[in-house]
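Structure first, commentary second.
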Amino acid sequence: MKIVVLTGAGISAESGLGTFRDKGGVWTQHDFADVATPEGFARDPVKVHEFYNARRANAAKAEPNAAHFALARLQARFAGDVVLVTQNVDGLHEAAGAQVIHMHGALDRATCAACAARWAAPLVMNAEDPCPFCAATATRPDIVWFGEMPKALRQITAHLSAAELFVAIGTSGQVYPAAGFVEIAKTSGARTVEMNVEATGNGLFDHVELGVATQTVPVWVDRLFDRLA
Ligand code: APR
């Protein structure tokens, strides 16, 4: 059975990483226009680097939780049939042993706004750091900002079109194109499931599993093992 899983900030919430739109979330403390848009970076690259340096330091201290490990177990058991796509930029899925498609980029990756080279980001990035490839002082986090094209969309869309089961975990479904994945999957005949602490109210989900991810995801994976064993 071809399964596509989409995760959002909610799956990393119990690892201590903030979500974006919950009470006290990242976007209640920072204006995304200042720190998560190309215009904000052009205006004040120092501010943008400070924002991501703080999130990179936070993410470096975080540990994967039971939900991350359960998805890695599922992927290992049904190798090739479980595609994991995340909107998150932390490395917790990989730390749990999973293969993951980072559609919004990753905190541990850097890129050059001048030559588009990519490399492993240092823990602290500075606006005046020269690009290691073209020496331009245009280094930036390799993170997809609002108004930019998410990564691997063609690949993700192909997986969604072949999915028999689509599961969205810990995402508010507010940001496209990720918010539209459920429709692609459903149109392609997949069963669609949402796992969240509160239902987003998107009627395209056939089933909503309410609860924290560290409870609902391991239970769901164990049930799948029993069913598909
Ligand atoms: N378990 C499960 N779900 C949770 C938990 C938890 N412990 N804690 C919070 N949630 C849910 C919230 O109910 C909410 O629906 O996680 C969701 C988090 O939503 P957002 O903060 O909007 O995060 P996300 O959906 O990942 O945002 C998508 O928006 O700002 C951009 O690029 C950013 O990738 C991000 C994108």
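The values are calculated or read from the model by the stated rules, or taken from the named source; none is laboratory data. Please read all numbers here as calculations on a predicted model, not as lab measurements. Note that we place each Cβ from the backbone using ideal geometry, even for glycine, and neighbour counts take in every protein chain shown. These area figures cover heavy atoms from the full protein model, side chains too; ligands, DNA and RNA do not enter into them. Shrake-Rupley method; radii C 1.70, N 1.55, O 1.52, S 1.80 Å.
Some notes on this structure:
- Of the residues contained in region 144-163, one or more are found to be among the aromatic types (F, W, Y) and near the ligand (Cβ under 9 Å from one of its atoms).
- Scanning region 44-60 for residues that are among the small types (G, A, S) and surrounded by fewer than 19 Cβ atoms within 10 Å (Cβ to Cβ) returns A54, A57, A60.
- Within region 78-89, residues that are in contact (Cβ under 8 Å) with a residue 24 or more places away in the chain reach partners that are of a type in the set (K, R) with beta carbons closer than 7 Å, at six or more positions or on different chains, in the pairs D81/K2.
- A count restricted to region 44-70 and to residues that are of a type outside the set (A, V, I, L, M, F, W, C), farther than 18 Å from A33 by Cβ and in contact with a Leu (Cβ under 9 Å, 6 or more places away or on another chain) stands at 7.
- When R118, R73 are checked against the criterion of being of a type outside the set (S, T, N, Q) and either assigned by TED's automatic domain parsing to the domain that holds V167 or under 21 Å from R223 (Cβ atoms) (or both), a single residue qualifies: R73.
- D206 more than 11 Å from the ligand (Cβ to nearest atom), under 24 Å from N65 (Cα atoms), charged (D, E, K, R) and at pLDDT 95 or above: no
- Considering region 169-181, and only residues there that are in contact with a helix residue (DSSP H, G or I) (Cβ under 6 Å, 6 or more places away or on another chain) and open to solvent by less than 10 Å² (accessible area, probe 1.4 Å), the residue that is nearest to the ligand (Cβ to nearest atom) turns out to be I169.
- Tally, over region 1-43, of residues that are within 16 Å of T171 (Cα to Cα), open to solvent by less than 50 Å² (accessible area, probe 1.4 Å) and assigned to a helix (DSSP H, G or I): 6
- Conditions (1) without any contact (Cβ under 8 Å) to a residue 40 or more places away in the chain; (2) of a type outside the set (A, V, I, L, M, F, W, C); (3) farther than 23 Å from V26 by Cβ; number of the one not met by E94: (3)
Rundown of residues vs (1) open to solvent by 30 Å² or more (accessible area, probe 1.4 Å); (2) part of a loop (DSSP other than H, G, I, E, B), yes/no style:
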{"residue": "A72", "(1), (2)": "no, no"}
{"residue": "N88", "(1), (2)": "no, yes"}
{"residue": "Q99", "(1), (2)": "yes, yes"}
{"residue": "V124", "(1), (2)": "yes, yes"}
{"residue": "D129", "(1), (2)": "yes, yes"}
{"residue": "A135", "(1), (2)": "yes, yes"}
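- Single residue of region 137-164 satisfying the filter (free of Cβ contacts under 8 Å to residues at least 40 places away in the same chain and part of a helix (DSSP H, G or I)) that is surrounded by the fewest Cβ atoms within 10 Å (Cβ to Cβ): R154
- Close pairs from region 197-219: first touching a residue at least 24 places away in the same chain (Cβ under 8 Å), partner polar (S, T, N, Q) and within 10 Å of the ligand (Cβ to nearest atom), Cβ under 7 Å, at least 6 apart: T200/S172; T214/N65
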